[in-house]
Structures are given as structure tokens and as C-alpha cells.
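Presented below is the structure to which this report refers.
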Amino acid sequence: MRIILLGPPGAGKGTQAVRLVERLGIPQLSTGDMLRSAVSAGTPIGLQAKALMDRGDLVPDEVVVGIIADRIREPDAVGGFILDGFPRTVAQAEAFDAMLAKNGSKLDAVVELKVDQEALVDRIVKRAKEAEARGEPVRKDDNPEVFKTRLDAYRTQTAPLSEYYVAHGMLRPVDGMRSVDEVTEAIRNVLGR
Ligand code: ADP
């Protein structure tokens, strides 16, 4: 299955992606994780992305489209994948559709986690505190100030994707305000597996 997880930062995409990986046996492709690795490794892409990510802005479309084009060709992704954090703009979605068409494959579903915007800042503050308590480094963009920029980027650049995927008959909305297990169950229902 080829699945896109859509939803604002803090919606729980990462949490649900991990569960989907276990259940469906396909990899999670997170552009956020890939970009953070590039930043840590100090690659040219990482150097280009770092400042943008630190302030909560999006990395240029051509950069992430290039990363994903390479990643979906790797053997573990040939049978399917769960995209988390990509596409984030309509231009990325269009480039991705073209990529799939070229490979002779297609998308199965776009699962949108619907959450109240007010709940998101609380969730992100909680996530940062939990990471700290575990002795893990806190993401530089997980603070309320930068988070607002990320939410703005979502509202202006990513939210229009819902319409795009409705028009393509792909959108499967799920209530993301319920418990983690209930959301997992709702996703299972909309995917039919
Ligand atoms: P979130 O927790 O908001 O889902 P991610 O871990 O997916 O965040 O991404 C963190 C940052 O990486 C984003 O704020 C953005 O700067 C960059 N990024 C990740 N994916 C993309 C993408 N598809 N297009 C542009 N920028 C991206």
C-alpha cells in the first residue's frame, strides 16, 4: 500500500506511522527525519535546510521532491510505504503524482488526521517535556514560538492539499482528537486493513 499521512504538526502522524509500519510491514518515509539526518551529517542538503527548519519554514520543494524520488526507489519501498511529512505543498503533491505515474504505481489513500488547532501547541509543549525527561535532545523547532511558524506554514501551504486529494478521490479524514488506540482503529477502518 502507498499511503500519505496528512495533518498539522503535532497531530500524531509519527505515532500512527509507527503502528502502520508494524501492521502493514511497509516502511515509514519521514521527510522531517531524513532532513534532520542530513543536518546532523552536514551534507549539502542539510546545510541548506538547517536554518529554514530551525525557524519553522518549509524546505524548498525541489529538495524534498528529490529526496523522496530517490527514497521510493530503494528496495524496501518498492512494495509500498507510509509517507509522513510529504507532500506538504500542492507543487510537491503534483510532482509526487508524476513520479508515481512514471514508475507505473499509484497512491492508495491519503489519511488526514483532523485535530483542533488549539490542542496542538499543548501537544508540542508536552512532546518537548517528555523528550527532555527521557534525556533525549529536544527538537529546536519544538518550542511555542517556532511552532507558530510551523502551524502558519501548515495553514497556508499544506492545508490546501486536503482539497487536492478530495478532488482526486483519495482523502480519508480521521478524527485525530481521540486516544492513540482509537485513532489507530479509525485508520484501520478507513484503509480497510
Ligand atoms: P512535524 O513535526 O511538523 O510534522 P517534520 O518532522 O515532518 O515536522 O518536519 C520538520 C521540518 O522539516 C519542517 O518544519 C520543514 O522545515 C522540514 N520539512 C519536512 N518535510 C518537508 C517537506 N515535505 N517540504 C518542505 N519542508 C519539509
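Go through region 95-114 and give me each residue that's in contact with a Gly (Cβ under 6 Å, 6 or more places away or on another chain) and either open to solvent by 20 Å² or more (accessible area, probe 1.4 Å) or near the ligand (Cβ under 10 Å from one of its atoms) (or both).
Residue satisfying the conditions is Lys114 alone.
Just checking, which of Ser162, Ser179 is touching a residue at least 40 places away in the same chain (Cβ under 8 Å) and of a type in the set (S, T, N, Q)?
Checking each option against the conditions leaves just Ser162.
Do you know which residues across region 83-94 are part of a loop (DSSP other than H, G, I, E, B) and either open to solvent by less than 20 Å² (accessible area, probe 1.4 Å) or at positive phi (or both)?
Scanning region 83-94 gives Gly85, Phe86, Pro87, Thr89.
Pairs only if they're at least six apart or on different chains, beta carbon under 7 angstrom, first in region 126-144 and more than 13 Å from the ligand (Cβ to nearest atom), second open to solvent by 60 Å² or more (accessible area, probe 1.4 Å) and modelled with pLDDT under 95; list them, first residue then second.
If the second residue must be open to solvent by 60 Å² or more (accessible area, probe 1.4 Å) and modelled with pLDDT under 95, the pairs left are Glu132/Val138.
Which residues, counting only those in region 56-90, are free of Cβ contacts under 8 Å to residues at least 40 places away in the same chain, in contact with a Pro (Cβ under 9 Å, 6 or more places away or on another chain) and of a type in the set (Asp, Glu)?
Within region 56-90, Asp61, Glu74 qualify.
Looking at region 80-125, which of its residues are farther than 11 Å from Gly7 by Cβ and small (Gly, Ala, Ser)?
The answer is Gly80, Ala91, Ala93, Ala95, Ala98, Ala101, Gly104, Ser105, Ala109, Ala119.
Among the residues of region 137-175, count how many are of a type in the set (Gly, Ala, Ser) and under 16 Å from the mean Cα position of the chain (by Cα).
The qualifying residues number 3.
Would you please list the contacts, defined by Cβ atoms under 6 Å and residues six or more apart or on different chains, that run from a residue in region 26-50 that is assigned to a loop (DSSP other than H, G, I, E, B) to a residue that is surrounded by 20 or more Cβ atoms within 10 Å (Cβ to Cβ)?
Pairs found: Ile26/Phe81; Pro27/Phe81.
Can you name the residue in region 41-51 that is crowded, with 16+ Cβ neighbours inside 10 Å and of a type in the set (A, V, I, L, M) and is also farthest from Arg155 (Cα to Cα) among such residues?
Restricting to residues being crowded, with 16+ Cβ neighbours inside 10 Å and of a type in the set (A, V, I, L, M), the top hit is Ile45.
Could you tell me whether region 61-82 includes any residue that is crowded, with 21+ Cβ neighbours inside 10 Å and within 22 Å of Thr184 (Cβ to Cβ)?
The answer is yes; a qualifying residue exists.
State all residues of region 51-82 that are more than 8 Å from the ligand (Cβ to nearest atom), touching a Lys or Arg at 6+ places or on another chain (Cβ under 9 Å) and within 16 Å of Ala38 (Cα to Cα); if no residue qualifies, say none.
Within region 51-82, Asp54 is the sole residue that qualifies.
Would you be able to say whether some residue in region 1-11 is open to solvent by 50 Å² or more (accessible area, probe 1.4 Å) and either charged (D, E, K, R) or within 24 Å of Thr156 (Cβ to Cβ) (or both)?
Scanning region 1-11, I find no residue that is open to solvent by 50 Å² or more (accessible area, probe 1.4 Å) and either charged (D, E, K, R) or within 24 Å of Thr156 (Cβ to Cβ) (or both), so the answer is no.
Identify, please: which residue in region 12-40 is more than 20 Å from Arg127 (Cα to Cα) and more than 15 Å from the ligand (Cβ to nearest atom) and is, among those, most open to solvent (accessible area, probe 1.4 Å)?
So, considering only residues that are more than 20 Å from Arg127 (Cα to Cα) and more than 15 Å from the ligand (Cβ to nearest atom), the one most open to solvent (accessible area, probe 1.4 Å) is Glu22.
Would you point out the residue of region 95-120, among those that are basic (Lys, Arg) and not in a helix (DSSP H, G or I), that is farthest from Ala186 (Cα to Cα)?
Across region 95-120, the extreme among qualifying residues is Lys106.
In region 74-118, how many residues are more than 16 Å from the chain's Cα centre (by Cα) and under 14 Å from Ala11 (Cβ atoms)?
Of the residues in region 74-118, 3 are more than 16 Å from the chain's Cα centre (by Cα) and under 14 Å from Ala11 (Cβ atoms).
The values are calculated or read from the model by the stated rules, or taken from the named source; none is laboratory data. Bear in mind that the values here come from a model prediction, so they are computed numbers and not experimental data. All Cβ positions, even for glycine, are placed from backbone atoms using ideal geometry, and neighbour counts span all protein chains on display. For accessibility, only protein heavy atoms count, side chains too; no ligands or nucleic acids. Shrake-Rupley method; radii C 1.70, N 1.55, O 1.52, S 1.80 Å.
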